[in-house]
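What follows is a short report on a single structure.
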Amino acid sequence: MRKVEIHPDAVERVKRFTINDPQLGFGKYVAPIMIQAIFDHDEWQRFDLLPYGPLQLDPCTKVLHYGQEIFEGMKVFRHPDDRIFMFRPEMNARRFNQSARRMAMPEIPEELFLQACEIISAYSKHLVPKRLGESLYLRPFMIASEVGMGIKPAKQFLFIIVASPSGAYFAGDSVKVYIEREDIRCAPGGVGFAKTGGNYAASLNSYAKTIKLGCDQTMWLDSVEHKYVEEMSGMNFFAVIDGKIVTPALTDTILDGVTRRSVIEMARSEQLPLEERRLSVDELLQTIDDGRCSEAFVCGTAAVIAPIASFMDKDLSVHALRETNGKVCMQLREKLIGIQAGRSEAPAGWLYPIRDIHF
Ligand SMILES: Cc1ncc(COP(=O)(O)O)c(C=O)c1O
């Protein structure tokens, strides 16, 4: 396996770094180290653990103009015995490479991606917070670092991982959703299933509208008929209708969430009925209004699983769920948080142990 070069100044910096703030938030703090790798001459050249710091980019760097960029988001948890574990990182490695293929970027061998994640986590072990729901959030990303104005796939890339000690997202608050009926996030044949910056940039205008209307999350509909529920800007969606858990079936316009898959697998193992199918927004709102939809929730790495309180439509009508802390949502949420924190048994392969590094 390729070696990651450890720079002594990075080690010195991280050793001395502490955070004394009970409100960690999300992305407020970053570990003072980063993994960096360069792709050139058709291969990954080297991986380094460096001090965290600004990147110096030529103004003509392709990513700044053409958005050739992908990223991932994953978490490391501290268990009661003080060992630390990544949650299902192989799935992030695979998705990263799926995104890379779609965006004409080089793949990273899965074992190299995992090794790089493991090294930054091991050196940041003392920064993995302790309280339930807290974690060290890892953000691997890749950018086209080649310089030039021509619109063609770059040949040089930069891969980086940064790590951010994070608090419990939403901390159990229920979410108000705004249904976006005009703008679209992505289209069939496009890049919706890839974790690439443009999808998020496309969501920001609606995000501003969502917040202005007093809501928290934007719900995206399909771009062809503007009729079927897809997902939120950074989370997947579930509802419980007639006692059955329903989630939109995956298409190339929906991100294949690791948490979504985990929810489906947990529900199946608990023999909860579940359907992956098309769900129209009309069916959703009608079943909320007539009480057949008892609860709804969102899920993603950042939010884990969070209940939905209400949906606001384009005409500003509000459709409130009868149960905001629904039974199914809370059962799955507790189970997942327990597994991640090492307080309940994890299905095989869900926790990836980080070996201690003595430095
Ligand atoms: C668009 C989108 N959908 C869903 C998710 C949830 O995916 P995951 O559970 O892998 O974090 C995310 C977050 O990564 C996302 O950005």
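The values are calculated or read from the model by the stated rules, or taken from the named source; none is laboratory data. Predicted model only: the values in this text are computed from it and were never measured. Because the Cβ atoms are built from the backbone with ideal geometry, glycine has one as well, and the counts that use them run over all protein chains shown. Surface accessibility is based on the protein's heavy atoms, side chains included, excluding ligands, DNA and RNA. Shrake-Rupley method; radii C 1.70, N 1.55, O 1.52, S 1.80 Å.
Is the shape of the stretch 3-53 rounded, prolate or oblate, going by the alpha carbon gyration tensor and its root eigenvalues a ≥ b ≥ c, with a/c under 1.5 for rounded and a/b larger than b/c for prolate? Judged from the Cα gyration tensor, the stretch 3-53 comes out oblate (a/c at least 1.5, b/c at or above a/b).
Computed as a quarter of the hull surface, the mean projected area of the alpha carbon convex hull for the stretch 171-325 stands at 8.4 nm². In the chain, helices alone account for a calculated mean residue ellipticity at 222 nm of -7500 deg cm²/dmol, with every DSSP H run of four or more residues adding -39,500 (n - 2.57).
Spatially, the stretch 1-49 and the stretch 265-338 are offset by 37 Å when compared through their Cα centroids.
One chain, two ends: Glu111 and Lys227. Fully extended at 0.36 nm per residue, the span grows by 37.7 nm beyond their Cα-Cα distance. The equivalent ellipsoid that matches the C-alpha gyration tensor of the stretch 193-271 spans semi-axes of 24, 15, 13 angstrom, in descending order.
The mean sequence distance of close C-alpha pairs (under 8 Å, at least 6 residues apart), as a share of the length of the stretch 49-160, puts its relative contact order at 37 percent. Share of carbon and sulfur in the accessible area of the chain stands at 52%, probe radius 1.4 Å.
Once both labels are positioned 7 Å from their Cα atoms along Cα-to-Cβ, the gap between Leu55 and Arg139 label points is 1.2 nm.
By how many nm would the segment from Arg101 to Lys155 grow when fully extended, if each residue of separation counts as 0.36 nm and the alpha-carbon distance is taken off?
18.1 nm
Its residues counted as N, the chain yields a C-alpha radius of gyration over 2.2 N^0.38 Å of 1.01.
When the C-alpha to C-alpha distance is required to be over 22 Å, the pairs from Lys212/Lys314; Lys75/Lys195; Lys209/Lys335; Lys28/Lys130; Lys176/Lys327 that qualify are Lys209/Lys335. Length gained on full extension, Asn325 to Asp48, computed as 0.36 nm times the residue gap minus the Cα-Cα distance: 95.2 nm. Sites counted here are GluC sites (Glu not before Pro) in a DSSP loop (not H, G, I, E or B) having no more than 11 other Cβ atoms within 10 Å; the longest part of the chain that contains none of them is 1-181.
In the context of the full set of protein chains, the stretch 130-189 has a per residue accessible area of 42 Å² (1.4 Å probe).
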